[in-house]
Amino acid sequence: MLADLRFGILGLGSIGARHATNLLSLGAEVIAFDPSEEARSAAEAKFIPLADEREAVLENSAAIIIASPNACHLEDLKDAVAHDCHCFAEKPLAHVADGVKEVLDQAAGNNLVVFAGLNLRFEAAVMAAKGLIDGNALGAPLWASFQSSHWLPDWRPNQDYSQGYTADPETG
């Protein structure tokens, strides 16, 4: 089934490259784009097939993996849905709420699958909180707030954390 579906990947940082190599190892067809020459060179070294332009990925894929910086997720999602592609977006789906409902409605109207990878749902604290809610230990929740943080220097030890998108208060 994977061989019948061409995956496009937008963004070839650590997670985008990981998705590409995983899909390639499963025999899937992959085409990827990243505007960064450094990311493109690293992808070429891993034998990840590259497109010269972002538009080529959108036009030649049935499913898109959005692994670009957070600030690009909503635009990438809108463009992928406009090109009739199923979408998997790395967290977050978008860094702003405006426009999300409209693009999700458009995707639903076109029978497209759109979902976000939310790997923190498997963190022990999150699972314990879910257990408390599911077990009605606290009564019916009326409101909730959750914050998660990481010590950024440990998160990506080969990069200057202060220069990455995660350190940006607008998009991180």
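The values are calculated or read from the model by the stated rules, or taken from the named source; none is laboratory data. Since the model is a prediction, treat every value here as computed from it, not as a measurement. Every residue, glycine among them, receives a Cβ derived from its backbone with ideal geometry; neighbour counts consider all protein chains shown. The accessibility values were calculated without ligands, DNA or RNA, using every heavy atom of the protein model including side chains. Shrake-Rupley method; radii C 1.70, N 1.55, O 1.52, S 1.80 Å.
The test for being in contact with a Ser or Thr (Cβ under 9 Å, 6 or more places away or on another chain), at pLDDT 95 or above and open to solvent by 70 Å² or more (accessible area, probe 1.4 Å) holds for Glu75. Of all residues in segment 87-111, those satisfying the criterion of being open to solvent by 60 Å² or more (accessible area, probe 1.4 Å), touching a residue at least 12 places away in the same chain (Cβ under 8 Å) and assigned to a loop (DSSP other than H, G, I, E, B) are Lys91, His95, Val96, Asn110.
Going through (1) touching a residue at least 24 places away in the same chain (Cβ under 8 Å); (2) open to solvent by 90 Å² or more (accessible area, probe 1.4 Å) one by one, Trp143 falls short only on (1).
Of the numbered criteria (1) in contact with a Phe, Trp or Tyr (Cβ under 8 Å, 6 or more places away or on another chain); (2) not in a helix (DSSP H, G or I), the one Leu23 fails is (2). So if I check each of Ala125, Ala116, which one is in contact with a Pro (Cβ under 8 Å, 6 or more places away or on another chain) and surrounded by 10 or more Cβ atoms within 10 Å (Cβ to Cβ)? Criteria check complete, one pass: Ala116. With respect to (1) exposed (fewer than 15 other Cβ atoms within 10 Å of the Cβ); (2) among the aromatic types (Phe, Trp, Tyr); (3) farther than 30 Å from Glu59 by Cβ, the lone exception for Tyr161 is condition (1).
Among the residues making up segment 28-39, those that are touching a residue at least 12 places away in the same chain (Cβ under 8 Å) and surrounded by fewer than 17 Cβ atoms within 10 Å (Cβ to Cβ) are Pro35, Ser36. Across segment 125-162, which residue is modelled with the lowest pLDDT among those that are outside any loop (DSSP other than H, G, I, E, B) and charged (D, E, K, R)? Residue satisfying both the conditions and the ranking: Asp154.
Considering each residue of segment 64-73 in turn, none proves to be in a helix (DSSP H, G or I), touching a residue at least 12 places away in the same chain (Cβ under 8 Å), touching a strand residue (DSSP E or B) at 6+ places or on another chain (Cβ under 7 Å) and small (Gly, Ala, Ser). Residue count for segment 99-124 under the criterion of being modelled with pLDDT of 95 or more and among the acidic types (Asp, Glu): the result is 2. Restricting to segment 54-110, give me the number of residues that are β-branched (Val, Ile, Thr) and either at positive phi or under 12 Å from the mean Cα position of the chain (by Cα) (or both). Here the count works out to 3. The number of residues in segment 5-25 that are among the hydrophobic types (A, V, I, L, M, F, W, C), surrounded by fewer than 23 Cβ atoms within 10 Å (Cβ to Cβ) and closer than 17 Å to Ala56 by Cα comes to 1.
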